[in-house]
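None of the figures in this text is laboratory data; all of them are computed from the coordinates on show. On a predicted model such as this, the values are computed, not experimentally measured, just so you know. A quick note on method: Cβ atoms are made from the backbone with ideal geometry, for glycine too, and the neighbour counts reach across all protein chains shown.
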Amino acid sequence: MLFIIILVYLNNSVFGLDQKLKANLNIEALPIPHAGVKTNHQKMILSGSTKKSSDRKEIFDEKNTLESLGEIPHSANAIEWVRKQIHYEMNKTYREAEEYDLQSFIENELAAGHKVIKLPRGRLKLRPKKNVHLNLINLKGITIDASETEILCMETNRAIHIENCEDLQIKGLVIDYDPLPFTQGTIKNIAQDGSWFQVKIAKGYPKAKSIKMHKIELFNPQDNSLVKDISTFYGSKIEVLDDQNFKVILKSGTVLDKKYLGFRLITDTTNSKKRIPHTVVLENCKNTLLKEVTVFASNCFAFLELNCENNTYDRCRVDRRYKDFDQYEIPRLWSSNADAFHSISATKGPQYIQCVAMHQGDDCHNIHGTYHIVIEQKNEALILASKRDFNLQIGDSLEIISPSGKRYPENQIIEAEKLGPTSSEEREFWNQSYGLINPQIFRNKYKIKIKNSIHIQSGSIISAKNRKGSGFKIEGGYYGYNRSRALLLKASNGIVKNNRIVESRMSAIVVSPELQWMESGLSDNVRIENNYIENCSYGEIFDASYQISPITVVVATKNKTLGPAGCQTDIKILNNTITQSNYPLISISSTDSATIKDNNFLSNSIDPSRDERIRKNIYWKPSTKPVLVMNSTNVKVEHNKVSSLTKKLGTQ
């Protein structure tokens, strides 16, 4: 009954809008999350091209037939998201953006003693001050109502920096960039040997001289979907030919097949001499509420929180813009250049409620703390190489892991002293030992003392157990169509429930620390329940891949092995649906006490080529079962249902 009422409301409130507004909505269709129905990507992707109103009538009629999908899990959330997205695109682009001093407006409102600040209606161009477009510092108990406001950032720098705020609320804000922090175009020529290719930038996108060249992704021009059978191009060089044309010279050993001629490409750009990364940043904030905040583009992470406590993100969205402006020749291919939601060192983890993250250049969520490297032990003191700013505080509970993955007994820091900078030779040594992505960030050495003196092996890693986002929740969200993982979790006491995850190139849900990034930590008491996962983890499995399944619980060690049982504990994977993915569907290692129960494995397959790659894997052993368990104890696998399994040629 509730489902029917929502559909009637949807029909009356959205599809009953003025026909002229519908005629100006340049879309083919909107993604409607639903379980148990095969996604048709061509119907799902928005083209952004101009179409006659008669061409769109069938599309709107299709939306009104949602009843045919039957009982849809989380349908209320899904339809509400579609309704709000269409409503925004139809009604909020009411006039050209005008440059506006929003910083002064808010400061004047605060000076007048206002606790609730209503932002001006319209699209406001913001010019940054010191590379940040808006600063909100030291606010307490303030509500900012931005329900009729969009800010358009004039530089590819940070949109909003929020620091030392408590009980701050921001509602309804929309954030975009002009110029965009990425450019895109079409591959017009490919070298005979595939070592280089030439690109023509589409009209309206940033010019070739602005390319930052961090990474490159390819998209199918037929439906604007991310190309599945190749990996991200890193380490390429660019040769600017003119404003609209450039050549990409691939790194040695990387080639591009000629079949990709005519495909679309996207890569990072900047118009700032000093790029300040990320779009919305919360630092040292407590009990912040971001409600229905939308980010349509980001130069790195869309939402980042640092050293925060108990922030809530309610129906926040990171997605590519569907109805775009006339200046763009082809539709946008992605939203954020990197992660959508990223949390570092929270004392109480973030609460993500009915959020959306799609088409971004990296993970949908990453929740973690920070590892530091134990260089040596001198009597009762440990000498550490500190990652970025030293974040261990007196009294912190410590998580310590040996190079072989052994979990030392929990300890506590009682003293800390800065010793000085690290050397380039030391950083290179750690890079070789751990395969670090950014070894240069280990800048300083510290000496600490711990409460219970024990021998700790050099090369061990150490972090604050109480500063990694434990107590997090991710519930009722819609995620996917991205180049990497959907949910990457490195914290404890967490809930992942009622989410829909579709077409993440890598795993849908990973519970694992990552040593190459030195992101902690080990997880205890994580519940993964009633999630719908479709066509995830389809990317290539490398010899050293340790995240291989749609749901993966794993600890990979410095020594390139799976950690021993007990690294992580009390993991529950219950009543999830995994469909149109390759075996194994759930992989679990290095765990004590886990339950994998009542999951539904529907229309999945055993792919012999993928199985062969896993045979060469240095971590996992091949398995033709949906659940793969290694180096674990007290794992219950029961009452899981397998149906419609496809065994491809070459398997038994």
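Structural remarks
- 5 angstrom amide H check on V553, placed H, neighbours 5+ away: V511, S587, I588, S589
- Using the Cβ of N444 as centre and a radius below 12 Å, the other residues enclosed give a net charge of +4, where K and R count +1 and D and E count -1.
- Rg followed by Dmax, in Å, when region 107-153 is reduced to its Cα trace: 11.5, 28
- What the phi angles of region 428-442 give under the Karplus curve with 6.51, -1.76 and 1.60, with θ = phi - 60°, is a coupling list of 5, 4, 5, 4, 5, 6, 10, x, 5, 6, 10, x, 5, 7, 8 Hz, glycine and proline written as x.
- In the frame of its principal axes, region 375-423 has Cα extents of 29, 25, 24 Å, reported largest first.
- Computed over region 92-212, the Cα gyration tensor eigenvalues convert (square root of 5λ each) into semi-axes of 38, 15, 12 Å, ordered from largest to smallest.
- Paramagnetic label zone (point 7 Å from Cα along Cα-to-C-beta, D326; backbone N under 18 Å) in region 120-154: 123
- Taking one quarter of the surface of the C-alpha convex hull of region 182-269 gives a mean projected area of 5.2 nm².
- Karplus-derived 3J(HN,Hα) values for region 144-151, using 6.51 cos²θ - 1.76 cosθ + 1.60 with θ = phi - 60°, are 10, 8, 10, 5, 10, 10, 10, 9 Hz; glycine and proline are entered as x.
- Computed from phi, the 3J(HN,Hα) profile of region 170-184 under the Karplus parametrisation 6.51, -1.76, 1.60 (θ = phi - 60°) reads 10, 10, x, 5, 10, 10, 9, 10, 8, x, 6, x, 8, 10, 8 Hz, with x in place of Gly and Pro.
- Shape call, region 359-401: gyration tensor on alpha carbons, a/c limit 1.5: prolate
- Of the cross-linked pairs K387/K449; K406/K641; K188/K212, those separated by over 26 Å at the C-alpha level are K406/K641.
- Cβ-Cβ FRET estimate between F542 and E425, R0 fixed at 30 Å, reported to 0.05: 0.55
- Chymotrypsin sites (Phe, Trp or Tyr not before Pro) lying in DSSP loop within region 515-577, provided at most 16 other Cβ fall within 10 Å: F542
- Over region 270-315 - Rg/Rh using Cα atoms and the Kirkwood inverse-distance radius: 1.03
- Descending semi-axes in whole angstrom, ellipsoid equivalent of region 509-652, from the Cα gyration tensor: 23, 19, 13
- Separation of region 111-143 and region 429-475, taken as the distance between their Cα centroids, equals 37 angstrom.
- Look at where the Cα atoms of region 317-354 and of region 483-535 average out, and the two centres are 18 Å apart.
- With contacts taken as Cα pairs under 8 Å and at least 6 residues apart, region 499-652 reaches a relative contact order of 24 percent.
- One quarter of the convex hull surface built on the alpha carbon atoms of region 347-495 amounts to 9.6 nm², the projected area averaged over directions.
- Two numbers describe the Cα atoms of region 520-603: Rg and Dmax, which are 13.1, 37 Å.
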